[in-house]
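Only one structure is covered here, and it is reproduced in the block below.
Rule-based calculations on the coordinates, nothing more; no lab input. All values reported here derive from a predicted model rather than from experimental measurement. Note that each Cβ is placed from the backbone with ideal geometry, even for glycine, and that neighbours are counted across all protein chains shown.
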Amino acid sequence: MRRWLPLLLIGCSAVAHAAPPSGSWEDMDTLLADKGFMSRLGEQVQQAGATATQQASSLVINALAFLGVPYKYGGNTFDTGFDCSGFVRAVYEQSMGKLLPRRSDEQAAATQPIERSDLQPGDLVFFNTLRRSFSHVGIYIGDGKFVHSPRAGAQVRVEDMRVAYWNKRFNGARRVPAGSPQAQP
């Protein structure tokens, strides 16, 4: 215990010395600004925002690279073709290293609900195409458009969500959590 006492006293005095003199929030803000912490924090926030934007752009570019790949029920590779959820899963795995569940309803359950007005490129959009919630999924690319693998006999393509067919069947928007590489329901 005696050998820890000097370290404890030094630690306490360092903490006491670092506190602002009057203890008010304005004094704390001034101290942080004087030490350059506020500008460094602002730079880190901007870098994080830029990184998120770059990741979303990369994801959208990768998704668009699959345009023309044929639909295949249960398909989840470029070589075999994709169904809607297999397409979304492959794009997220290749672009972001995130492993989403296999089915569209499971993907909806494993992601965070967002308002349609809050959609950003890379978010997931869900539709009720089989008389059940979350039966179809695509990737939002911006400007009211999404990319998806629609149905048998078709290919991966871009659609406008504002078209009557998709607008009527819109079932919700979701965002893939930023944290772990595996999204779980």
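General remarks:
- About the Cα centre, charge dipole magnitude for the stretch 44-175 (Lys/Arg +1, Asp/Glu -1 at Cβ), debye: 400
- Neighbourhood charge, 11 Å Cβ-Cβ cut-off, centred on Arg89 and excluding it, Lys, Arg +1 and Asp, Glu -1: 0
- Using a cutoff of 8 angstrom between alpha carbon atoms and counting only pairs six or more residues apart, the relative contact order for the stretch 44-175 works out to 26 percent.
- Per the Debye calculation on the stretch 44-175 with a single equal scatterer at every Cα and no solvent contribution, log₁₀ I(q)/I(0) for q = 0.13, 0.15, 0.22 Å⁻¹ amounts to -0.48, -0.64, -1.42.
- Positive-end ranking of Gly68, Phe78, Ala164 along the dipole of the stretch 44-175, with charges on Cβ about the Cα centre, is headed by Ala164.
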